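Below you'll find the structure, written out as structure tokens, and then a few comments.
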Amino acid sequence: MKTIKFTLFVIVVLLASTTQILAAERWLEGYKKVLVIGAHPDDPETMCGGTMIKLREMGVEVVSVYFTSGEAGIPGKTHEESSSIRTAEAKKACEVMGVRAVFMTQIDGNTEINKARYAEMKALIEAEQPDMVITHWPIDSHRDHRICSILVYDAWRQTGYNFDLYYGEVMTGLQTQTFAPNHWVNITKQHDQKVKAYYCHESQDMPVVQEWHDAMEILRGMECHGKYGEAFVKQQWTEE
Ligand SMILES: [Zn+2]
């Protein structure tokens, strides 16, 4: 009797974990074109490089959008020098992930919210016609991340909610704050390629970034039954 009970218990546990694994991935199915809009070169890659690679493997068109070109990101360099180095690094990272790079015109460390910037974000999204957009979670210690997120959220509203909007996390605790995900992607198979992609940003301190992100990805992996995971919050549509 004990053996039967134990066998039933094992079956139930196996079924439950299989369901969770499937549930962790099923939400990605059906999308055709995804934009990942990050504030700086290296943000899309670190936030969700594994998911970007996985989506591309599923046949989805993936575009990595850089809100700024990292103008203020290299001490001792002018904005022009820094922008040119970091644009080249982002292009390399996109080659590793097999995705297209797009650069917007905001300035690192000096990003703006005004009518023209709202219109610019809306125009970009309308031109690209994605069915999914991933951007920063809006509560973040970095002002550029917050502004990027707010402009994307506004474009989602202004375009009539015609794409699904998800928020991702970067260096949670240090940058992203109060993030409680409701969607997960198991990136165990894509993790090494993700790391290779963000290490293209040689001008940045990538070993420190990796320390933060490996810890986050192990936690998110535990939550979706993988060694490494990435996690998201889906923005729900609410009637006014
Ligand atoms: Zn950033």
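Listed here are the residues, each with its yes/no results for (1) under 24 Å from A72 (Cα atoms); (2) in contact (Cβ under 8 Å) with a residue 60 or more places away in the chain; (3) among the small types (G, A, S).
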{"site": "P138", "(1), (2), (3)": "yes, no, no"}
{"site": "I150", "(1), (2), (3)": "yes, no, no"}
{"site": "Y153", "(1), (2), (3)": "no, yes, no"}
{"site": "Q158", "(1), (2), (3)": "no, no, no"}
{"site": "L165", "(1), (2), (3)": "no, yes, no"}
{"site": "G168", "(1), (2), (3)": "yes, yes, yes"}
{"site": "T172", "(1), (2), (3)": "yes, no, no"}
{"site": "V185", "(1), (2), (3)": "no, yes, no"}
{"site": "Q193", "(1), (2), (3)": "no, yes, no"}
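When the range 95-118 is filtered for residues that are buried (at least 19 other Cβ atoms within 10 Å of the Cβ) and within 16 Å of the ligand (Cβ to nearest atom), the ones remaining, listed by number, are Q106, D108, T111.
For the criterion of being touching an Asp or Glu at 6+ places or on another chain (Cβ under 7 Å) and buried (at least 19 other Cβ atoms within 10 Å of the Cβ), V133 fails. For the range 28-51, give me each residue that is away from the ligand (no atom under 16 Å from the Cβ) and either within 11 Å of the chain's Cα centre (by Cα) or not in a loop (DSSP other than H, G, I, E, B) (or both). The answer is K33, V34, L35, G50, T51. Residues that are within 15 Å of the ligand (Cβ to nearest atom) and among the charged types (D, E, K, R) were ranked within the range 119-152; the one that is farthest from the chain's Cα centre (by Cα) is R143. When the range 166-191 is filtered for residues that are within 14 Å of the ligand (Cβ to nearest atom) and closer than 17 Å to E211 by Cα, the ones remaining, listed by number, are E169, V170, M171, T172, L174, Q175, T176.
The numbers here are math on the coordinates, done by the rules we state, and not lab data. On a predicted model such as this, the values are computed, not experimentally measured, just so you know. Glycine gets a Cβ as well: all are built from the backbone with ideal geometry, and neighbour counts include every protein chain shown.
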